[in-house]
Amino acid sequence: MLFKKRELKLLFPFYLYYLIIGISGMILPFLVIYFRDLSFSFFQISVLFTAFSVSMFLFEIPTGAFADVFSRKYSVVLGFLISGICILLMGIFSSFWIFFLLFIILGFGMTLISGAEEAWVIDNLNYYRRKDLHKEFFIKSQSIAYFAGIFSPLVGALIVKSFSIKPLWFVWGFGILFGGLMLFIFGKEKYKPKDVKISQLFNKTVRNSKNGLKYSYNHKIIFYLVLASIFLAMMIMDGDYWQPFLKNLGMPVYALGIVFSIVSAVSMIIPLTARYLDKYKIQNVFIVLIGIRILLLSSVLFLYPNLFILGAGIFIFSSGLMSLRHPLIEPYFQKHLPKKVRATITSVKSMGVQMGMGLSALLFGFLADIIGVQKIIPLTGVFGLVAMYYFYKIRD
């Protein structure tokens, strides 16, 4: 059977929102191209992404602790509301500085979701004594999002070819708002924090933040896994440069939708192999995966104009390999976390990842304007080597 007993009853609202978000994110394959059409330099684009990452870095732990001591559900729903409104406004304005402000607010909205959403699901499953569904959730939620992503870029490509990229902002924004509404209506929360006053809420938030940081540092598996996740996220920043690179090789802009549709199809299938990789140590699996990806990215240096089909193949396969990141790392990570600070520690990891992505975005954006995107893509493999080192340090 595709779903286990009572799996849909317990996880349907979350699977539904992954489907909605996956369908509505039509603009993602065209995002960098859109900013380039607004005459933004690669460095300016990287500043926007960095503003988003720094915002998440600053707010990750406080919002994660807030979810731990108040409500995971309402934290997530509020995050969807803020994020959806920000994205709708992005479809209206074209000023760099307005985008800069909106990316900061979007980062704050996303911190209300990250950590809290995963903690919400895990605690619900633990309440019903269904720990066997932990890995199922991480595998299937990602596969559902990628399944939606098969069709989303194709529809996006049709809209871009017939009209322009701009309408896709509104599709994405309303999709996020609708996904949040579905969670608000159908999502149940079994995690019940104790009633506290505002002053107690603040003090407990600060205390939870300190405890989460301390636990993350002292627990060596968590510590090395967080560091490995940070550098792995920095490695996959090459994704921001494939859009202009494939365009430079001669690929029509609307065809990017087809490529990203294939990426989603491959990324939907590959995570299903995660359950068969359980017999191997997670650190060994990722050392091999990262090594293969570094070799693939290095081959980009030998491509020249009109070889966009070969370039698309490299992009599809290298992206597909990284689709194993979420279903393999997250269950392993979550099983080492205590309940009371689960969302906080998850936010610690997310915070580190966002800061790493922000710094690498600035570096690569600056270099892309100087040496070009073709040399930037393989250069991201340097961070992959560091990630391999920290995966090697994990001992369990």
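Annotations for the structure displayed:
- The combined condition, being of a type outside the set (Gly, Ala, Ser) and over 19 Å from residue 156 (Cβ atoms), is not fulfilled by residue 243.
- Screening residue 298 with (1) farther than 25 Å from residue 135 by Cα; (2) not in a helix (DSSP H, G or I) gives one miss only, at (2).
- Looking across region 80-100 at every residue that is touching a residue at least 12 places away in the same chain (Cβ under 8 Å) and small (Gly, Ala, Ser), the one that is surrounded by the fewest Cβ atoms within 10 Å (Cβ to Cβ) is identified as 94.
- Residue in region 316-329 that is in a helix (DSSP H, G or I), modelled with pLDDT of 90 or more and either touching a Pro at 6+ places or on another chain (Cβ under 9 Å) or over 14 Å from residue 289 (Cα atoms) (or both) present: yes
- Filtered residues of region 3-30 (kept if part of a helix (DSSP H, G or I) and more than 19 Å from the chain's Cα centre (by Cα)): 7, 8, 9, 10, 11, 12, 13
- Per-region count, region 317-342, residues out of contact with any Leu (no Cβ under 9 Å at 6 or more places or on another chain) and aliphatic (A, V, I, L, M): 2
- Residue within region 36-51 that is among the small types (Gly, Ala, Ser) and either modelled with pLDDT of 95 or more or surrounded by 19 or more Cβ atoms within 10 Å (Cβ to Cβ) (or both) present: yes
- Answer residue from region 227-273, given it is hydroxyl-bearing (Ser, Thr, Tyr) and closer than 24 Å to residue 304 by Cα and is surrounded by the most Cβ atoms within 10 Å (Cβ to Cβ) among those: 241
- Residue that is farthest from the chain's Cα centre (by Cα), among those in region 340-396 that are assigned to a loop (DSSP other than H, G, I, E, B) and surrounded by 17 or more Cβ atoms within 10 Å (Cβ to Cβ): 394
- On inspection, residue 169 fails the criterion of being part of a helix (DSSP H, G or I) and loosely packed, with under 15 Cβ neighbours inside 10 Å.
- Residues in region 58-73 that are surrounded by fewer than 24 Cβ atoms within 10 Å (Cβ to Cβ), over 13 Å from residue 213 (Cβ atoms) and of a type outside the set (Gly, Ala, Ser): 58, 59, 69, 70, 73.
- Contact map, region 114-128: first residue modelled with pLDDT under 80, second residue assigned to a helix (DSSP H, G or I) and of a type in the set (A, V, I, L, M), Cβ cut-off under 6 Å, separation 6 or more or different chains; pairs are 115/343.
- Test: residue 33 is touching a Gly at 6+ places or on another chain (Cβ under 6 Å), in contact (Cβ under 8 Å) with a residue 40 or more places away in the chain and either buried (at least 19 other Cβ atoms within 10 Å of the Cβ) or in a helix (DSSP H, G or I) (or both): no
- Verdict on residue 140 being out of contact with any Gly (no Cβ under 8 Å at 6 or more places or on another chain) and either assigned to a helix (DSSP H, G or I) or not hydrophobic (A, V, I, L, M, F, W, C) (or both): yes
- Residue pairs meeting the criteria (Cβ under 9 Å; at least 6 apart or on separate chains; first closer than 21 Å to residue 114 by Cβ and assigned to a helix (DSSP H, G or I), in region 42-59; second β-branched (Val, Ile, Thr) and modelled with pLDDT of 90 or more): 51/104; 52/104; 54/104; 55/104; 55/105
- Test: residue 247 is charged (D, E, K, R) and more than 22 Å from residue 364 (Cα to Cα): no
The values are calculated or read from the model by the stated rules, or taken from the named source; none is laboratory data. Computed from a prediction, not measured in an experiment: that's the story for all the values here. Neighbour counts are summed over all protein chains in view; Cβ atoms, including those assigned to glycine, are modelled from backbone coordinates with ideal geometry.
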